[in-house]
Amino acid sequence: MLFKQQAWLRQKLLVLGSLAIGSLLYLVARVGSLDRLQPICPIEGRFGARSQAEFPLRALQFKRGLLHEFRKGNTSKEQVRLHDLVQQLPRAIIIGVRKGGTRALLEMLNLHPAVVKASQEIHFFDNDENYAKGIEWYRKKMPFSYPQQITIEKSPAYFITEEVPERIYKMNSSIKLLIIVREPTTRAISDYTQVLEGKERKNKTYYKFEKLAIDPNTCEVNTKYKAVRTSIYTKHLERWLKYFPIEQFHIVDGDRLITEPLPELQLVEKFLNLPPRISQYNLYFNATRGFYCLRFNIIFNKCLAGSKGRIHPEVDPSVITKLRKFFHPFNQKFYQITGRTLNWP
């Protein structure tokens, strides 16, 4: 009896071992086929003398792992040097807007093998203390990358902070600037919702949105409320246009990025002079979350943080109507300046 049990166990182990080996061989073959489907990433455009270099996808995937190990302190600086990795100043910045979808845009652009993102908001240009530390401090906050790649950071406070346009201009007058916007009233309510959640976490009370957005004395829209001011996009953009031509800006439709992300990402690829590499394969809809998630390869997928897509509180319809009427002329001017008309009520 014992002999039969041992024989059965050996047979079971052999079957499991065969399955494991088969799975491993499939993965190796699959990764190899992906490399054959997308063997190189030629970088075109104005990204330096080495812009015609080619990036094997497998090398870029290895680079991601190497940088992860370096950040954890498991890789020496000598190894980084040998792999030709550097910390570069951004060649493009997502400058805003808050609650417009800046994090989603940054993570989605990171799907492109020629793009490397700064993981955290640096707040260099909008924070006087950080700005006083100098441009070298800022550069060292950037991720390691290959020289031919483009580094992108995002800090949505840049868009509304008065000193930022001049400071960025002094660093790089030809930098590419990305602005992602949502329908202004929706964005203002989303802004309020995030603040409200923070207050509730600390067991603090907070005014209703209607009381903040509408001046109780005049019954008109309260332009002193920051969530309202941020949504007057044209007022902030006009300040940026004192330093940069409109051609250096690209407007991303944040509402469309939620429902149809690929067309918006393809427009950004074109604006950044990047070869088209992000495809429908890289994006899949997560019905549980109600958002698109990211697929880097057959092994690594990523969804945005659970805090994204907060449920908005119910707002008095008359207040929504009043806000939309208030924003309408500013929206029309925004369309005229940027050359992009969005489907806002």
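A few remarks follow.
- For segment 75-338, the equivalent ellipsoid built from the Cα gyration tensor has semi-axes of 32, 22, 19 Å, listed from largest to smallest.
- In this calculation the C-beta distance from Tyr335 to Leu267 is compared with R0 = 22 Å, giving a FRET efficiency of 0.85.
- Using a probe radius of 1.4 angstrom, the carbon and sulfur fraction of the accessible surface of segment 140-260 is 47%.
- Glu136 accessible area, assembled protein chains, probe 1.4 Å, Å²: 80 Å²
- Taking 0.36 nm per residue of separation and subtracting the Cα-Cα distance, full extension of the segment from Glu166 to Gln87 would add 26.1 nm.
- Probing with 1.4 Å while keeping every protein chain in the model, the per residue accessible area of segment 217-304 equals 50 Å².
- When the charge dipole of segment 75-338 is built from unit charges on Cβ atoms (+1 for Lys and Arg, -1 for Asp and Glu) and taken about the Cα centre, the candidate among Ile179, Ala227, Gln248 whose Cα reaches farthest toward its positive end is Ala227.
- Distance violations [Cα-Cα > 24 Å] among Lys176/Lys325; Lys226/Lys333; Lys211/Lys325; Lys117/Lys235; Lys140/Lys202; Lys141/Lys226: Lys176/Lys325; Lys117/Lys235; Lys140/Lys202; Lys141/Lys226
- Accessible-area order (highest first, 1.4 angstrom probe) of the listed residues Phe125, Phe144: Phe144, Phe125
- In Å, descending, principal axis extents of the Cα set of segment 172-307: 55, 43, 23
- Top positive-direction residue, dipole computed over segment 75-338 with Cβ charges, set Leu262, Phe209, Leu106: Phe209
The values are calculated or read from the model by the stated rules, or taken from the named source; none is laboratory data. Since the structure is predicted, the reported quantities are computational estimates derived from the model, not experimental observations. Ideal geometry is used to build each Cβ from the backbone, glycine not excepted, and the neighbour counts take in all protein chains shown. Side chains included, ligands, DNA and RNA excluded: accessible areas come from the protein's heavy atoms. Shrake-Rupley method; radii C 1.70, N 1.55, O 1.52, S 1.80 Å.
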